1. Which of the residues spanning region 201-236 are of a type in the set (A, V, I, L, M, F, W, C) and surrounded by 15 or more Cβ atoms within 10 Å (Cβ to Cβ)?
2. Does residue 373 satisfy being basic (Lys, Arg) and closer than 30 Å to residue 39 by Cα?
3. Can you tell me which residue in region 92-138 is nearest to the chain's Cα centre (by Cα), limited to those that are basic (Lys, Arg) and not in a strand (DSSP E or B)?
4. Could you tell me which numbered condition residue 289 fails, if it satisfies all but one of (1) touching a residue at least 24 places away in the same chain (Cβ under 8 Å); (2) more than 30 Å from residue 97 (Cα to Cα)?
5. With the condition kept exactly as written, say whether any residue in region 342-361 is hydrophobic (A, V, I, L, M, F, W, C), in contact with a helix residue (DSSP H, G or I) (Cβ under 9 Å, 6 or more places away or on another chain), surrounded by 22 or more Cβ atoms within 10 Å (Cβ to Cβ) and at negative phi.
6. Among the hydroxyl-bearing types (Ser, Thr, Tyr) and touching a Ser or Thr at 6+ places or on another chain (Cβ under 7 Å): which single residue out of 166, 148 fits that description?
7. Any chance you could count how many residues in region 168-200 are modelled with pLDDT under 85, out of contact with any helix residue (DSSP H, G or I) (no Cβ under 7 Å at 6 or more places or on another chain) and buried (at least 19 other Cβ atoms within 10 Å of the Cβ)?
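The values are calculated or read from the model by the stated rules, or taken from the named source; none is laboratory data. Just so it is clear, the structure is predicted and the values come from calculations on it, not from any experiment. Because the Cβ atoms are built from the backbone with ideal geometry, glycine has one as well, and the counts that use them run over all protein chains shown.
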Amino acid sequence: MAKLTLKKIAENTLRKVGRPLTTKEIWEEASRIGTVEGFVSSGKTPWATIGAYLYWSINRDNEGIFTLEGENPRRFGLTSFNGNITAPNYYLIGTSYRNKSIYELLLDNQVVAMGFCWDENLDHLYGKSQEEIVSFLRKKGHSSKEYSATKKFLQLKPGDMIALKSKGWPKGNQPSLEIVGYAIVVERDGRIYSHDPGDLGHLINVEFIETGLNIDKKIGGYGETIYEITDPARIEIIFDKYRTSDQPLVREKVRSRRTKRKSTNKRKTGLEARRGSQPYVAHLKHNEIQQQFYEILKARFPKDTVLMEEDFADIKRENENEIVLYEVKPYAWAEDCMREALGQLLSYCSRIESEKKVKIVVVGPYEPSNDERDFISYIKRNLNIDTEYISSESMSI
């Protein structure tokens, strides 16, 4: 029997109900009429995962099964309902405010963000024409640079594909465009746009489909905050595999070359500017998970030595029999956490001179999906070292 997926549950549910539904309605109806068929969700919001799969199906797989209808809320239907499929637009968006990266904040909150017109709540302008947006902002006294970016940002709709850039200016005399991730715009809890004057300004909800990248596309002309990419040749270059139905087979390796540093028993939980290949912001999400997990380990293993930041491992636990290294990653997908953390953990292991058994543990924010569980199982079977993934959702003393 074929493995039941959330996408298949959505298709079966829509066929039985016979009308378009929001992703939450799909899950509720599936539970009510039995199309869940014993499927057990590993996350707290399966309807959000359904939305990501359906947008993916419409924009990448070109299967012709699902459609998008309406605005606020957006509903999914089947092509048998009306035969229309919404085509995505392609956007390139920056991840820095005043040369400081906000990338980890974006990952934590599952959004893309824009800081122009910071104090203006633009909810009433979301999805309006660019002319209406520009007219409103001009009357408010905003500059052309501000409304040029804002009018594009407020056009983002569910299903649109986004490439996130860390830099878009030349390296010396060479053109450069550094891509750090890809996302797809989604509706979440009935909303697409929101205003956050405390932290990030203007937000659009997304699902990150690949993170932890550092790919230089070696093209120029993208130094501003946001661009809509319409040239097919440029879409091909910037979005690459995300213009086809092929699943990515290889992601960029994230390498970390670090020197030793002393351990600590307390993490900062506010914004912390760090410096590596480029400045970035380490958001409190990473540090909160790390601090929380450190306290849990201290309570669970009172006889073990538990240290934070020992030789740059997020947490190191040691007893007379084994050494366990923990690496915390704030990414939304367990697979991305595993991919980025494993290289670092193996690097740390290579420096251990003890004869004790060594175990490595990746700690991420969320429970893995069924597909991600398969990926983690594959890693555990084939990696010649005891390996585990733990979600902060499941942590308790």
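1. As a first pass, look at region 201-236 and keep what is of a type in the set (A, V, I, L, M, F, W, C): 203-204, 206, 208-209, 213, 215, 219, 226, 229, 233, 235.
Answer for region 201-236, where residues must be of a type in the set (A, V, I, L, M, F, W, C) and surrounded by 15 or more Cβ atoms within 10 Å (Cβ to Cβ): 203, 204, 206, 208, 209, 213, 215, 226, 229, 235.
2. On the way: basic (Lys, Arg): yes; closer than 30 Å to residue 39 by Cα: yes.
Yes, satisfied.
3. At the first step, the residues of region 92-138 found to be basic (Lys, Arg) are 98, 100, 128, 138.
With not in a strand (DSSP E or B) added as a condition, the list becomes 98, 128, 138.
On the way: 98: 22, 128: 27, 138: 34 Å.
Checking each candidate, the answer is 98.
4. Residue 289 satisfies all of (1) touching a residue at least 24 places away in the same chain (Cβ under 8 Å); (2) more than 30 Å from residue 97 (Cα to Cα) except (2).
5. So in region 342-361, the residues hydrophobic (A, V, I, L, M, F, W, C) come out as 342, 345-346, 349, 352, 358, 360-361.
Checking which are in contact with a helix residue (DSSP H, G or I) (Cβ under 9 Å, 6 or more places away or on another chain) leaves us with 342, 358, 360-361.
Add one more test, that the residue is surrounded by 22 or more Cβ atoms within 10 Å (Cβ to Cβ), and what stays is 360.
Now narrow it down to the ones that are at negative phi: 360.
Within region 342-361, one or more residues are hydrophobic (A, V, I, L, M, F, W, C), in contact with a helix residue (DSSP H, G or I) (Cβ under 9 Å, 6 or more places away or on another chain), surrounded by 22 or more Cβ atoms within 10 Å (Cβ to Cβ) and at negative phi.
6. 166
7. 1
Results for (1) under 30 Å from residue 110 (Cα atoms); (2) without any contact (Cβ under 8 Å) to a residue 60 or more places away in the chain; (3) not assigned by TED's automatic domain parsing to the domain that holds residue 104, shown as yes or no for each residue.
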position	(1), (2), (3)
311	no, yes, yes
317	no, yes, yes
323	no, yes, yes
344	yes, no, yes
348	yes, yes, yes
361	yes, yes, yes
368	yes, no, yes
371	yes, yes, yes
383	no, yes, yes
